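All remarks here apply to the structure that follows.
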Amino acid sequence: MGYTYKELGLVTTKEMFEKANKNGYAVPAFNFNNMEMMQAIVGACAEMGSPVILQCSPGALKYIGKEVVPLLGKAAVDIARAKGSDIPIALHLDHGEDLEIVKTCIDAGFSSVMIDGSHYDFGTNIKVTKEVVEYAHSREVVVEGELGILAGIEDNVKAEKHTYTDPKEVEEFVRETNVDSLAIAIGTSHGAHKFKPGDDPKLRLDILEEVEKKVPGFPIVLHGSSAVPAKYIETIKEYGGQIKDAIGIPNSELLKASKSAVAKINVDTDGRLAFTASVRKVFGTNPKEFDPRKFLGAARDEMKSYYKTKIVDIFGSEGAYKKADK
Ligand code: G3H
Ligand code: 13P
Ligand code: ZN
(Lines give C-alpha, C1' and ligand atoms only; values in the text may rest on other atoms or scores of the structure.)
(Ligands and ions follow the chains in the order given, each with its own letter.)
Protein backbone atom coordinates (compact mmCIF):
# COMPACT_ATOMS: atom_id res chain seq x y z
CA MET A 1 0.00 0.00 0.00
CA GLY A 2 1.43 3.31 -1.02
CA TYR A 3 0.57 6.71 -2.49
CA THR A 4 1.29 8.57 -5.68
CA TYR A 5 3.47 11.61 -5.08
CA LYS A 6 0.70 13.81 -6.42
CA GLU A 7 -1.65 12.59 -3.68
CA LEU A 8 0.98 13.76 -1.16
CA GLY A 9 1.26 17.27 -2.66
CA LEU A 10 4.81 16.58 -3.88
CA VAL A 11 6.19 17.52 -7.29
CA THR A 12 9.01 16.32 -9.53
CA THR A 13 12.19 18.32 -10.04
CA LYS A 14 11.45 19.18 -13.67
CA GLU A 15 10.16 22.73 -13.25
CA MET A 16 12.46 23.43 -10.29
CA PHE A 17 15.50 22.63 -12.44
CA GLU A 18 14.29 24.65 -15.42
CA LYS A 19 13.73 27.69 -13.22
CA ALA A 20 17.05 27.17 -11.39
CA ASN A 21 19.09 26.96 -14.59
CA LYS A 22 17.29 29.90 -16.16
CA ASN A 23 17.93 32.07 -13.09
CA GLY A 24 21.45 30.89 -12.17
CA TYR A 25 20.88 29.20 -8.84
CA ALA A 26 20.80 25.58 -7.59
CA VAL A 27 18.08 23.71 -5.72
CA PRO A 28 19.12 22.45 -2.27
CA ALA A 29 18.89 18.67 -1.88
CA PHE A 30 19.11 17.97 1.83
CA ASN A 31 19.12 14.45 3.33
CA PHE A 32 17.00 13.64 6.35
CA ASN A 33 17.08 10.72 8.81
CA ASN A 34 14.20 11.60 11.11
CA MET A 35 11.26 13.93 11.70
CA GLU A 36 13.31 16.72 13.27
CA MET A 37 15.68 16.88 10.29
CA MET A 38 12.72 17.07 7.89
CA GLN A 39 11.25 19.90 9.99
CA ALA A 40 14.59 21.76 10.01
CA ILE A 41 14.91 21.44 6.22
CA VAL A 42 11.39 22.48 5.29
CA GLY A 43 11.38 25.25 7.91
CA ALA A 44 14.59 26.73 6.51
CA CYS A 45 13.50 26.47 2.87
CA ALA A 46 9.99 27.81 3.46
CA GLU A 47 11.28 30.80 5.42
CA MET A 48 13.87 31.54 2.73
CA GLY A 49 11.46 30.95 -0.19
CA SER A 50 13.72 28.24 -1.65
CA PRO A 51 12.53 25.16 -3.56
CA VAL A 52 13.69 21.97 -1.87
CA ILE A 53 14.46 18.33 -2.55
CA LEU A 54 14.04 16.15 0.52
CA GLN A 55 16.46 13.26 0.08
CA CYS A 56 16.29 9.83 1.62
CA SER A 57 19.18 7.37 1.22
CA PRO A 58 18.56 3.59 1.20
CA GLY A 59 19.94 3.55 4.76
CA ALA A 60 17.53 6.28 5.84
CA LEU A 61 14.64 4.47 4.15
CA LYS A 62 15.46 1.34 6.13
CA TYR A 63 15.80 3.34 9.36
CA ILE A 64 12.61 5.41 9.02
CA GLY A 65 10.54 2.82 7.17
CA LYS A 66 8.92 3.02 3.76
CA GLU A 67 5.50 3.48 5.35
CA VAL A 68 6.66 6.62 7.18
CA VAL A 69 8.96 8.39 4.69
CA PRO A 70 6.20 9.44 2.22
CA LEU A 71 4.10 10.77 5.09
CA LEU A 72 7.05 12.87 6.26
CA GLY A 73 7.12 14.19 2.67
CA LYS A 74 3.43 15.07 2.91
CA ALA A 75 4.00 16.64 6.33
CA ALA A 76 6.75 18.80 4.80
CA VAL A 77 4.29 20.09 2.20
CA ASP A 78 1.66 20.76 4.87
CA ILE A 79 4.19 22.58 7.08
CA ALA A 80 5.25 24.84 4.20
CA ARG A 81 1.64 25.64 3.24
CA ALA A 82 0.66 26.31 6.87
CA LYS A 83 3.51 28.84 6.98
CA GLY A 84 2.07 30.57 3.90
CA SER A 85 4.82 29.31 1.57
CA ASP A 86 4.31 28.03 -1.98
CA ILE A 87 7.75 26.37 -2.35
CA PRO A 88 7.77 23.20 -4.47
CA ILE A 89 8.90 20.08 -2.59
CA ALA A 90 10.23 16.87 -4.17
CA LEU A 91 10.85 13.59 -2.33
CA HIS A 92 13.93 11.93 -3.79
CA LEU A 93 15.63 8.54 -3.38
CA ASP A 94 19.35 9.26 -2.98
CA HIS A 95 21.84 6.67 -4.30
CA GLY A 96 19.29 4.02 -5.32
CA GLU A 97 21.21 0.81 -6.01
CA ASP A 98 18.83 -1.10 -8.26
CA LEU A 99 15.42 -1.27 -9.89
CA GLU A 100 13.96 -3.01 -6.85
CA ILE A 101 14.51 -0.12 -4.41
CA VAL A 102 13.47 2.36 -7.11
CA LYS A 103 10.14 0.53 -7.53
CA THR A 104 9.63 0.40 -3.75
CA CYS A 105 10.14 4.16 -3.47
CA ILE A 106 8.06 5.15 -6.50
CA ASP A 107 5.21 2.89 -5.37
CA ALA A 108 5.44 4.42 -1.86
CA GLY A 109 5.12 8.03 -3.09
CA PHE A 110 8.57 9.39 -4.11
CA SER A 111 8.55 11.92 -6.95
CA SER A 112 12.20 11.52 -7.97
CA VAL A 113 14.81 8.76 -7.81
CA MET A 114 18.52 8.39 -8.35
CA ILE A 115 19.95 5.25 -9.89
CA ASP A 116 23.60 5.13 -8.97
CA GLY A 117 25.18 2.99 -11.66
CA SER A 118 28.48 4.84 -11.47
CA HIS A 119 30.39 1.80 -10.16
CA TYR A 120 29.42 -0.24 -13.27
CA ASP A 121 31.20 -0.05 -16.60
CA PHE A 122 29.75 2.50 -19.03
CA GLY A 123 27.58 -0.01 -20.97
CA THR A 124 26.09 -1.59 -17.83
CA ASN A 125 25.46 1.84 -16.29
CA ILE A 126 23.47 2.77 -19.42
CA LYS A 127 21.50 -0.51 -19.33
CA VAL A 128 20.63 -0.32 -15.61
CA THR A 129 19.77 3.40 -15.77
CA LYS A 130 17.59 2.93 -18.84
CA GLU A 131 15.49 0.24 -17.11
CA VAL A 132 14.91 2.57 -14.17
CA VAL A 133 13.98 5.47 -16.45
CA GLU A 134 11.39 3.33 -18.26
CA TYR A 135 9.71 2.35 -14.98
CA ALA A 136 9.89 5.85 -13.48
CA HIS A 137 8.69 7.74 -16.55
CA SER A 138 5.70 5.43 -16.92
CA ARG A 139 4.66 6.82 -13.50
CA GLU A 140 5.67 10.44 -14.24
CA VAL A 141 8.62 10.22 -11.83
CA VAL A 142 12.00 11.76 -12.74
CA VAL A 143 15.42 10.07 -12.64
CA GLU A 144 18.95 11.21 -11.79
CA GLY A 145 21.81 9.14 -13.20
CA GLU A 146 25.51 9.33 -12.39
CA LEU A 147 28.74 9.26 -14.38
CA GLY A 148 32.08 9.27 -12.54
CA ILE A 149 32.81 8.16 -8.98
CA LEU A 150 33.11 10.32 -5.86
CA ALA A 151 35.54 9.40 -3.13
CA GLY A 152 34.15 8.85 0.38
CA ILE A 153 31.74 6.66 2.26
CA GLU A 154 28.06 5.93 1.90
CA ASP A 155 26.18 3.05 3.53
CA ASN A 156 26.74 0.77 0.59
CA VAL A 157 29.71 2.09 -1.33
CA LYS A 158 33.19 3.14 -0.28
CA ALA A 159 35.50 4.61 -2.89
CA GLU A 160 39.10 5.53 -2.08
CA LYS A 161 39.69 7.79 -5.04
CA HIS A 162 37.75 10.03 -7.41
CA THR A 163 37.14 8.98 -10.97
CA TYR A 164 36.31 12.27 -12.61
CA THR A 165 33.46 12.28 -15.10
CA ASP A 166 34.64 11.99 -18.69
CA PRO A 167 32.80 14.73 -20.63
CA LYS A 168 33.11 12.62 -23.80
CA GLU A 169 30.68 10.03 -22.32
CA VAL A 170 28.02 12.50 -21.24
CA GLU A 171 26.07 13.13 -24.44
CA GLU A 172 25.72 9.41 -25.26
CA PHE A 173 24.71 8.57 -21.66
CA VAL A 174 21.99 11.22 -21.56
CA ARG A 175 20.67 10.31 -25.04
CA GLU A 176 20.69 6.53 -24.50
CA THR A 177 19.21 6.51 -20.98
CA ASN A 178 16.80 9.44 -21.25
CA VAL A 179 17.62 10.50 -17.67
CA ASP A 180 16.27 13.83 -16.40
CA SER A 181 19.44 14.99 -14.60
CA LEU A 182 23.03 13.83 -14.28
CA ALA A 183 25.34 13.68 -11.24
CA ILE A 184 28.99 14.24 -12.15
CA ALA A 185 32.30 13.87 -10.28
CA ILE A 186 34.43 17.02 -10.28
CA GLY A 187 36.28 16.72 -6.96
CA THR A 188 33.56 16.78 -4.31
CA SER A 189 33.37 13.75 -2.02
CA HIS A 190 31.02 12.18 0.51
CA GLY A 191 31.34 12.42 4.27
CA ALA A 192 33.10 14.66 6.81
CA HIS A 193 36.70 14.02 5.72
CA LYS A 194 36.96 15.57 2.28
CA PHE A 195 40.17 17.56 2.64
CA LYS A 196 42.77 17.99 5.36
CA PRO A 197 43.29 21.36 7.09
CA GLY A 198 45.86 23.27 5.04
CA ASP A 199 44.66 21.79 1.70
CA ASP A 200 43.39 24.20 -0.94
CA PRO A 201 40.17 22.49 -2.03
CA LYS A 202 39.36 23.18 -5.64
CA LEU A 203 36.69 21.71 -7.87
CA ARG A 204 37.42 20.75 -11.48
CA LEU A 205 35.18 23.48 -12.86
CA ASP A 206 36.89 22.94 -16.22
CA ILE A 207 35.24 19.49 -16.41
CA LEU A 208 31.89 21.06 -15.52
CA GLU A 209 32.35 23.55 -18.38
CA GLU A 210 33.13 20.73 -20.83
CA VAL A 211 30.06 18.80 -19.66
CA GLU A 212 27.86 21.88 -20.15
CA LYS A 213 29.10 22.19 -23.73
CA LYS A 214 28.15 18.57 -24.46
CA VAL A 215 24.58 18.87 -23.09
CA PRO A 216 23.64 22.57 -23.07
CA GLY A 217 20.94 23.46 -20.56
CA PHE A 218 20.77 19.93 -19.11
CA PRO A 219 20.43 19.82 -15.27
CA ILE A 220 23.69 18.76 -13.60
CA VAL A 221 23.91 17.50 -10.02
CA LEU A 222 26.74 17.74 -7.48
CA HIS A 223 26.96 15.24 -4.63
CA GLY A 224 29.29 15.43 -1.63
CA SER A 225 29.04 19.19 -1.26
CA SER A 226 29.08 19.77 2.49
CA ALA A 227 31.27 22.58 3.83
CA VAL A 228 32.12 20.73 7.10
CA PRO A 229 31.96 23.87 9.29
CA ALA A 230 34.86 24.13 11.73
CA LYS A 231 32.51 25.43 14.45
CA TYR A 232 30.63 22.11 14.55
CA ILE A 233 33.81 20.02 14.54
CA GLU A 234 35.07 22.11 17.48
CA THR A 235 31.80 21.81 19.43
CA ILE A 236 31.66 18.05 18.88
CA LYS A 237 35.22 17.71 20.19
CA GLU A 238 34.65 20.16 23.06
CA TYR A 239 31.78 18.04 24.36
CA GLY A 240 33.54 14.68 24.18
CA GLY A 241 33.07 13.64 20.55
CA GLN A 242 35.84 12.14 18.46
CA ILE A 243 36.13 13.51 14.95
CA LYS A 244 39.15 14.27 12.80
CA ASP A 245 39.91 17.86 11.83
CA ALA A 246 38.66 18.22 8.31
CA ILE A 247 37.51 20.78 5.81
CA GLY A 248 34.83 20.55 3.17
CA ILE A 249 33.97 22.26 -0.08
CA PRO A 250 34.41 26.05 0.15
CA ASN A 251 31.31 28.17 -0.44
CA SER A 252 33.09 30.13 -3.17
CA GLU A 253 33.62 26.99 -5.33
CA LEU A 254 30.01 25.87 -4.93
CA LEU A 255 28.60 29.31 -5.61
CA LYS A 256 30.40 29.29 -8.97
CA ALA A 257 28.86 25.88 -9.70
CA SER A 258 25.33 26.89 -8.73
CA LYS A 259 25.47 29.79 -11.19
CA SER A 260 26.22 27.28 -13.99
CA ALA A 261 24.20 24.30 -15.27
CA VAL A 262 24.38 22.76 -11.80
CA ALA A 263 20.72 22.62 -10.80
CA LYS A 264 20.93 20.45 -7.65
CA ILE A 265 23.53 20.32 -4.89
CA ASN A 266 23.49 17.55 -2.26
CA VAL A 267 24.23 18.24 1.39
CA ASP A 268 23.91 15.69 4.18
CA THR A 269 27.04 15.76 6.37
CA ASP A 270 26.63 19.44 7.36
CA GLY A 271 23.15 18.76 8.74
CA ARG A 272 24.44 15.74 10.65
CA LEU A 273 27.30 17.80 12.12
CA ALA A 274 24.99 20.65 13.16
CA PHE A 275 22.59 18.13 14.71
CA THR A 276 25.27 16.16 16.57
CA ALA A 277 27.10 19.26 17.82
CA SER A 278 23.83 20.57 19.31
CA VAL A 279 22.91 17.29 20.98
CA ARG A 280 26.40 16.99 22.49
CA LYS A 281 26.25 20.57 23.73
CA VAL A 282 22.91 20.02 25.48
CA PHE A 283 24.24 16.93 27.28
CA GLY A 284 27.62 18.56 27.95
CA THR A 285 26.09 21.65 29.54
CA ASN A 286 23.21 19.86 31.25
CA PRO A 287 24.10 16.28 32.17
CA LYS A 288 20.76 15.91 33.97
CA GLU A 289 18.73 16.39 30.79
CA PHE A 290 16.71 13.40 29.64
CA ASP A 291 13.78 14.98 27.81
CA PRO A 292 14.28 14.14 24.09
CA ARG A 293 12.47 17.33 23.12
CA LYS A 294 15.26 19.35 24.68
CA PHE A 295 18.17 17.80 22.79
CA LEU A 296 16.31 17.02 19.55
CA GLY A 297 14.66 20.44 19.62
CA ALA A 298 18.01 22.21 20.01
CA ALA A 299 19.44 20.12 17.16
CA ARG A 300 16.48 20.94 14.91
CA ASP A 301 16.82 24.69 15.58
CA GLU A 302 20.57 24.70 14.86
CA MET A 303 20.24 22.68 11.66
CA LYS A 304 17.47 24.98 10.44
CA SER A 305 19.37 28.18 11.12
CA TYR A 306 22.57 26.82 9.51
CA TYR A 307 20.68 25.72 6.38
CA LYS A 308 19.14 29.20 6.10
CA THR A 309 22.64 30.67 5.79
CA LYS A 310 23.65 27.96 3.32
CA ILE A 311 20.73 28.78 1.03
CA VAL A 312 22.19 32.27 0.62
CA ASP A 313 25.88 31.31 0.66
CA ILE A 314 25.95 28.48 -1.87
CA PHE A 315 22.60 27.82 -3.52
CA GLY A 316 21.47 31.37 -4.35
CA SER A 317 17.89 30.04 -4.26
CA GLU A 318 16.63 32.49 -1.66
CA GLY A 319 13.39 34.21 -2.65
CA ALA A 320 12.78 32.06 -5.75
CA TYR A 321 9.30 31.54 -4.24
CA LYS A 322 7.28 33.42 -1.66
CA LYS A 323 9.05 33.60 1.71
CA ALA A 324 7.06 32.09 4.57
CA ASP A 325 6.02 33.90 7.71
CA LYS A 326 8.40 32.86 10.46
O1 G3H B 1 25.54 10.34 -0.16
C2 G3H B 1 25.17 9.72 0.82
C3 G3H B 1 24.43 10.32 1.93
O4 G3H B 1 25.25 11.13 2.73
C5 G3H B 1 23.69 9.27 2.68
O6 G3H B 1 24.41 8.71 3.70
O7 G3H B 1 23.98 6.27 3.39
O8 G3H B 1 24.74 7.17 5.61
O9 G3H B 1 22.41 7.63 4.79
P10 G3H B 1 23.85 7.33 4.42
P1 13P C 1 27.95 15.26 1.90
O2 13P C 1 28.49 14.04 2.58
O3 13P C 1 29.05 16.14 1.41
O4 13P C 1 26.95 16.00 2.69
O5 13P C 1 27.20 14.73 0.56
C6 13P C 1 25.88 14.28 0.61
C7 13P C 1 25.44 13.62 -0.65
O8 13P C 1 26.05 13.67 -1.69
C9 13P C 1 24.17 12.89 -0.59
O10 13P C 1 23.91 12.21 -1.77
ZN1 ZN D 1 25.70 11.48 -2.75
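Quick check: is even one residue across region 96-104 crowded, with 23+ Cβ neighbours inside 10 Å, more than 19 Å from I265 (Cβ to Cβ) and either small (G, A, S) or touching a residue at least 60 places away in the same chain (Cβ under 8 Å) (or both)? No: zero hits. Taken residue by residue, region 129-142 has at least one member that is more than 13 Å from ligand 2 (Cβ to nearest atom), surrounded by 20 or more Cβ atoms within 10 Å (Cβ to Cβ) and either in contact (Cβ under 8 Å) with a residue 60 or more places away in the chain or assigned to a loop (DSSP other than H, G, I, E, B) (or both). Among the residues of region 38-72, those that are open to solvent by 10 Å² or more (accessible area, probe 1.4 Å), more than 11 Å from ligand 1 (Cβ to nearest atom) and among the hydrophobic types (A, V, I, L, M, F, W, C) comprise M48, V68, L71, L72.
Is it fair to say S252 is assigned to a loop (DSSP other than H, G, I, E, B) and within 24 Å of the chain's Cα centre (by Cα)? No: the conditions fail for S252. Looking only at residues in region 262-283 that are more than 16 Å from ligand 3 (Cβ to nearest atom) and open to solvent by 40 Å² or more (accessible area, probe 1.4 Å), the one that is nearest to P58 (Cα to Cα) is T276. Annotation: of all residues in region 209-236 being β-branched (V, I, T) and within 16 Å of ligand 1 (Cβ to nearest atom), the one that is farthest from R272 (Cα to Cα) is V221.
So which residues in region 317-326 are open to solvent by 40 Å² or more (accessible area, probe 1.4 Å), under 20 Å from F17 (Cβ atoms) and not acidic (D, E), if there are any at all? Correct list: G319, Y321, K322.
The values are calculated or read from the model by the stated rules, or taken from the named source; none is laboratory data. All values reported here derive from a predicted model rather than from experimental measurement. All Cβ positions, glycine included, derive from the backbone under ideal geometry; neighbour counts span all protein chains shown. Note: areas computed on protein heavy atoms with side chains; ligands, DNA, RNA excluded. Shrake-Rupley method; radii C 1.70, N 1.55, O 1.52, S 1.80 Å.
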